[in-house]
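Colleague: Can you read through this structure? Questions will come right after.
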Amino acid sequence: MAKFFPTLSPEHGDFIRRQKIYFVASAPARGRVNLSPKGMDTFRILGPGRVGYLDVTGSGNETTAHLAENGRLTFMFCSFEGAPMILRLYARGRAVRPRDADWTQLRPPFGPALPGERQLVVADIESGQTSCGFAVPLFGYAGDRPTLNNWAEKKGPEGIAAYWAEKNAVSIDGLPTGLLGS
């Protein structure tokens, strides 16, 4: 049975911190729904009603295009080990980039710099929900993949900037992401 809540409890926070993968969903008013898996210990609880993640360079930048359009965002955490549970956070979010005034205040909780980091996604929780998760399979965590960090380090800052201009400036539906100041 699903249970709704307005903010995160300490137990919710403990559950979130134990998960090695989470999922982020967003959608424009018209166009494709985006669902992205995330990892690399990039998610942080910034308060009982606020969360965020450090977003690194990827093949697209759909989430921030959708956030710029309507702010809607859903996070999902599933227990793949131990007791079953699914936790969803329904939120309104925004992208915060190194050029933004609040970057220096918001960035420190996310730990050491990661190669290719491009922005933070900060979200205010509108509601949360837990459900049983009985159908979620059991999986064991084997470790983070080094591939993305290695790729970004090899590209270097200039290569990453060129990649952003080519692949991350607009969504697959043609919406601007704001990454390049657009």
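What follows draws every value from the coordinates through simple rules; no lab data is involved. Predicted, not measured: the structure shown is a model, and the values here were computed from it. Because the Cβ atoms are built from the backbone with ideal geometry, glycine has one as well, and the counts that use them run over all protein chains shown.
Colleague: Taking H placed 1.01 Å from N in the peptide plane, check which residues at least 5 places from Gln119 or on another chain put their amide H under 5 Å from its amide H.
Modeller: Close amide H contacts, sequence-distant or interchain: Asp55.
Colleague: Which residue fluctuates the most in the chain, going by a Gaussian network model with Cα springs under 10 Å, if the choices are Tyr22, Tyr163, Tyr90?
Modeller: Of Tyr22, Tyr163, Tyr90, the Gaussian network model singles out Tyr163 as fluctuating most.
Colleague: Can you list the HN-Hα couplings for the stretch 123-136, worked out from phi with the Karplus curve (6.51, -1.76, 1.60; θ = phi - 60°), rounded to whole Hz and with x for Gly and Pro?
Modeller: These are the phi-based 3J(HN,Hα) values: 9, 9, 6, 8, 6, x, 8, 10, 9, 4, x, 4, 8, 6 Hz.
Colleague: Using Cα springs under 10 Å in a Gaussian network model of the chain, which residue among Ser36, Ser26, Ser79 shows the largest mean-square fluctuation?
Modeller: Most flexible of the set in this elastic network: Ser36.
Colleague: Only helical DSSP H runs with n ≥ 4 go in: add -39500 (n - 2.57) per run for the chain, normalise by residue count and round the 222 nm mean residue ellipticity to 500 deg cm²/dmol.
Modeller: On the way: 4 runs with 39 residues, N = 182.
So the calculated ellipticity at 222 nm is -6000 deg cm²/dmol.
Colleague: If the only charges are +1 at each Lys and Arg Cβ and -1 at each Asp and Glu Cβ, what is the size of the charge dipole of the chain around the Cα centre, to the nearest 20 debye?
Modeller: Dipole about the Cα centre, nearest 20: 120 debye.
Colleague: Okay, moving on. Take the alpha-carbon centre of the stretch 48-85, take the same for the stretch 126-182, and report the distance between them in whole Å.
Modeller: 10
Colleague: Just give me a number: lysine pairs in the chain, eight or more positions apart or cross-chain, with C-alpha atoms less than 19 Å apart.
Modeller: On the way: Lys20/Lys38; Lys38/Lys167; Lys154/Lys167; Lys155/Lys167.
Pairs that pass both the separation and distance tests number 4.
Colleague: Any chance you could run the full-extension gain for Leu35 through Ser131? It's 0.36 nm times the residue separation minus the Cα-Cα distance, nm to one decimal.
Modeller: Here the segment from Leu35 to Ser131 would lengthen by 32.6 nm.
Colleague: If amide H atoms are built 1.01 Å from N in the plane of the peptide, which residues on other chains or at least 5 residues away come under 5 Å of the amide H of Val136?
Modeller: none
Colleague: Which whole-Hz ³J(HN,Hα) couplings does the stretch 107-120 yield from phi under the Karplus relation 6.51 cos²θ - 1.76 cosθ + 1.60, θ = phi - 60°, glycine and proline marked x?
Modeller: 5, x, x, 8, x, x, 4, 10, x, x, 4, 10, 5, 9
Colleague: Sequence gap at least 6, Cα distance under 8 Å: using those rules, report the relative contact order of the stretch 3-168 to the nearest whole percent.
Modeller: The normalised contact order for the stretch 3-168 reaches 27 percent.
Colleague: If you don't mind, there's one more thing I want to ask. For Pro98, what is the net charge nearby, where nearby means another residue's Cβ is under 9 Å from its Cβ and Lys, Arg count +1, Asp, Glu -1?
Modeller: Details: positive: Arg97, Arg99, Arg107, Arg118; negative: Asp100, Glu117.
Neighbourhood net charge equals +2.
Colleague: Build a GNM of the chain with springs between Cα atoms under 10 Å: which of Pro28, Pro109, Pro37 gets the top mean-square fluctuation?
Modeller: Per the Cα network of the chain with a 10 Å cutoff, Pro37 tops the list.
Colleague: How large is ³J(HN,Hα), in whole Hz, for each residue of the stretch 78-91 in order, when computed from phi with the Karplus curve 6.51 cos²θ - 1.76 cosθ + 1.60 and θ = phi - 60°, using x for Gly and Pro?
Modeller: In residue order, the calculated couplings are 10, 7, 9, 9, x, 4, x, 5, 10, 10, 10, 10, 9, 8 Hz.
Colleague: Something else: Where does helix 147-163 land angle-wise versus the long Cα axis of the chain, in degrees 0 to 90, nearest 10?
Modeller: 40
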